[in-house]
Structure formats: C-alpha cells, structure tokens
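Take a look at the structure below.
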Amino acid sequence: MINNIWILIGKKLNGEASPEELLELEQLLQQQGDTVMYPMDELEEIWKNDQQIAEDEKLLSKWAAFDAELDAVEEKEAEEAAQVIAVQTKKKKARIIKLGSLLAAACLMLGVFWFTRKETMVPGKSNEITAPKNGISKIQLPDGSRVWLNMGSKLTYNNDFGTEERKVSLVGEAFFDVVKDPQHPFVVTTTTISIRVLGTKFNVRSYNNDKTSEAALIRGKIELTVLKNPEKKIILNPSEKITVINNQELQLKSNTPAYKIAEETPLIALSRIHQAKKDTLPSEALWLENKLAFDAEDFENIAQKMERRYNVNIVFENEDIKKLRFTGKFEKESINKALLSLQKTAAFHYKIDTNQIVIY
C-alpha cells in the first residue's frame with residue numbers, strides 16, 4: 001500500500017494523475033493518518049522548489065553559453081583590429097621616417113618648440129551614447145562593464161564615473177554585464193526607477209512613453225528603488241523580474257474606476273522571467289539576438305515595441321483591442337507578416353499607409 005501511495009504522489013506532483021487516482025490518493029492518505037512521513041502540502045512545496053532550482057540552473061547554463069559566444073566575438077574583433085593596426089603601422093613607418101627628417105630640418109631653421117597639452121576632465125561633463133533606430137549598440141564603460149543598448153535607447157554617464165560611484169542614466173532598454181567592484185557600486189537611473197548593484201547581469205526597460213518599466217535579473221543581486229516611493233527598496237534575486245507602473249496618475253484620470261485599476265495593474269509586480277525551451281535567452285533579453293519577444297503582454301505594449309522595431313506609428317481605434325494579450329516572437333518577419341500572425345489568434349483588423357498603421 002505504501003508503494004502505491006508514493007506512486008500516486010509522484011503522478012500528482014508531475015500533473016499526470018487522473019481524477020480517480022487523485023481521489024484514491026486522498027483516501028489512502030486519510031487512512032494512513034499520522035504515519036505518513038511528510039504532509040502533502042510540504043511535499044508539493046519541496047517539489048516546486050526543486051523544479052525551480054532545476055529551471056534556474058538550465059537558465060544560467062544558457063547564459064554561460066551566450067557569454068562564451070560574446071567573448072568569442074570580442075576576441076575575433078580584437079584580432080581583426082590588431083591585424084588592421086599592424087598593416088597601418090607598416091605603411092606609416094616609411095612616412096614617419098621621411099616626415100621626421102623634414103621636421104628636424106624645419107626645427108633647426110625656424111627654432112620651433114614642441115609642447116603637449118593634457119586634456120583635463122571637467123566634473124559634471126557627460127558622455128552620451130545613443131543606439132541607432134535600426135540597430136543595437138555595444139559599449140564598454142571605463143570600468144570594463146559591458147552594456148548593450150536596444151534600438152533608439154540612450155545611455156549617459158559623467159566624466160567622474162567610478163570616482164565614488166559608477167552612475168549611468170538610461171532612457172530605453174539595455175542589458176548590463178557589470179564588473180564587480182564593492183568599493184564603487186554601480187547605479188542605473190531611469191525616469192521611474194533606480195537600480196543599485198555590485199556585480200551582476202540584468203536587463204532594464206524604461207522608455208519614456210511606455211506604461212511600465214521593467215528590470216529582469218539574470219545573475220547576482222540588485223536593489224531597486226521606485227523614485228516616487230524612495231523609502232521602499234526591493235531586492236531582486238536571480239531569475240526574478242519586477243514591473244513598475246510609470247504614470248499611475250494618468251490612468252486614474254481615465255474612465256476606469258480607481259479600484260479597477262488597482263486590481264488589474266498594481267503599482268509594482270514581482271514575477272519570474274520567462275524562458276522558452278527552444279530559446280537560448282529569456283524573452284526579456286531576446287532583443288540581444290534581434291528578436292521581438294512577448295509573453296502574455298497586452299496589445300498596447302506590443303504595439304510600442306513594434307513601433308520601435310519597425311519605425312512605424314500605430315494607432316488604435318478600439319480601446320478593447322489594446323487589452324488583447326499575446327505570446328509570441330518575431331525575428332525576420334515584416335510588420336505586415338507580424339500583424340497577420342497576431343490576427344490569427346484574435347479578432348482585429350488593420351490598415352497600413354506607409355509608416356502609419358491603424359488597428360480597429
């Protein structure tokens with residue numbers, strides 16, 4: 001009988017038990033009374049934790065493989081750059097020898113004095129990098145940290161970067177691979193959130209016109225602060241993400257009752273990052289592979305992503321259509337093919353006029 005109980009428990013935990021088997025398991029557990037080794041709810045909790053650990057380990061191994069690919073690309077770029085420099089150096093040597101003799105003669109004749117001028121860093125002066133609208137930019141910061149900027153995103157940092165803190169400002173979306181330096185914490189600030197880290201990998205999405213901002217943690221630990229509520233700090237662990245409503249005041253001015261908004265869209269929502277089996281990266285970071293991915297997102301949010309990807313303007317003539325939810329991924333599809341794919345799973349129409357798209 002004991003063996004039968006464990007067989008049924010195994011089926012229940014794997015989601016393979018039939019209604020009849022679940023009923024039988026419940027009856028057998030009641031018959032056992034206090035002699036069962038573990039209560040059922042504890043067994044389910046242990047099972048869920050083990051499953052989550054396994055998923056996290058798979059995710060981390062995929063990120064490790066992705067890191068290896070990035071490092072290989074960097075090594076190849078460095079080798080190619082070294083080869084180019086070597087060729088250029090050979091060509092310049094002959095010119096330098098010739099130019100040197102001419103300058104020596106000129107100095108003797110004209111009494112010319114050489115001097116060097118050292119550029120001084122002006123405190124507060126900022127460096128600004130903007131990704132092109134149709135491409136991704138990769139940046140290496142002065143501390144060696146690497147940043148990938150999504151299309152049209154902007155990163156800003158001052159010349160005093162790393163003096164006390166390593167502070168950067170972001171508008172848009174970026175993936176950070178931060179070099180560990182406990183003496184100089186790394187801080188990312190957007191218009192809605194601030195993220196403080198020591199050394200980690202995470203994705204941040206915070207566009208000015210989006211309804212939400214999002215931070216997804218891959219490895220390490222980050223401390224997130226919502227700027228409108230700075231006294232509250234949220235710690236994120238690996239494989240967790242947080243979504244923050246950017247401007248709740250605007251939503252409260254709409255026709256939707258305040259209590260309805262609070263129920264449907266909380267100010268802050270904590271969840272797990274999404275990892276599809278066939279994907280090398282979680283959906284939150286698939287843009288690094290030039291893919292547009294979305295997991296149970298509403299049409300309005302997806303439309304904003306499509307506007308940036310395809311450089312179009314999308315207008316909704318029906319508010320209900322904005323709330324339709326989709327899960328999917330686009331890579332090489334045109335905007336027309338992408339909309340046709342979404343149209344297969346939901347009832348809506350659209351018309352395209354050059355860069356203007358109307359959805360109704």
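Computed from the coordinates by the stated procedures, all read-outs in this text should not be read as laboratory data. All values derive from a computational prediction rather than experimental measurement. Neighbour counts run over all protein chains shown; Cβ positions are idealised from the backbone, glycine included.
Numbers for the structure displayed
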| quantity | calculated |
| --- | --- |
| Near-label residues of the stretch 194-227 by backbone N, under 17 Å of a point 7 Å along Cα→Cβ of ASP181 | 196-201 |
| Cβ-defined net charge surrounding ALA293, 10 Å radius [Lys, Arg +1; Asp, Glu -1] | -3 |
| Segments 278-284, 135-141, 177-183 sorted - mean Cβ within 10 Å per residue, highest first | 278-284, 135-141, 177-183 |
| Point-to-point label distance, LEU22-LYS154, nm (Cα→Cβ direction, 7 Å offset) | 5.4 nm |
| Spatial separation of Cα centroids for the stretch 123-173 and the stretch 321-360, in angstrom | 32 Å |
| Extension reserve of the LYS221-ARG325 stretch, reckoned as 0.36 nm per residue once the Cα distance is removed | 34.4 nm |
| Under 11 Å, Cβ to Cβ, from SER341 - net charge with Lys/Arg +1 and Asp/Glu -1 | +2 |
| Added length on full extension, which subtracts the Cα-Cα distance from 0.36 nm per residue, ASN318 to GLU164 | 50.4 nm |
| Ranked by how many other beta carbons lie within 10 Å on average, peptides 317-329, 149-161 from highest | 149-161, 317-329 |
| Tensor-based shape of the stretch 269-360 (alpha-carbon gyration tensor, a/c under 1.5 rounded, otherwise prolate or oblate) | prolate |
| Cα-Cα over 29 Å, subset of LYS180/LYS232; LYS180/LYS278; LYS154/LYS201; LYS277/LYS351; LYS167/LYS332; LYS180/LYS332 | LYS180/LYS278; LYS277/LYS351; LYS167/LYS332; LYS180/LYS332 |
| Packing rank of 334-345, 163-174, 193-204, where each peptide gets the mean count of other beta carbons within 10 Å, highest leading | 193-204, 163-174, 334-345 |
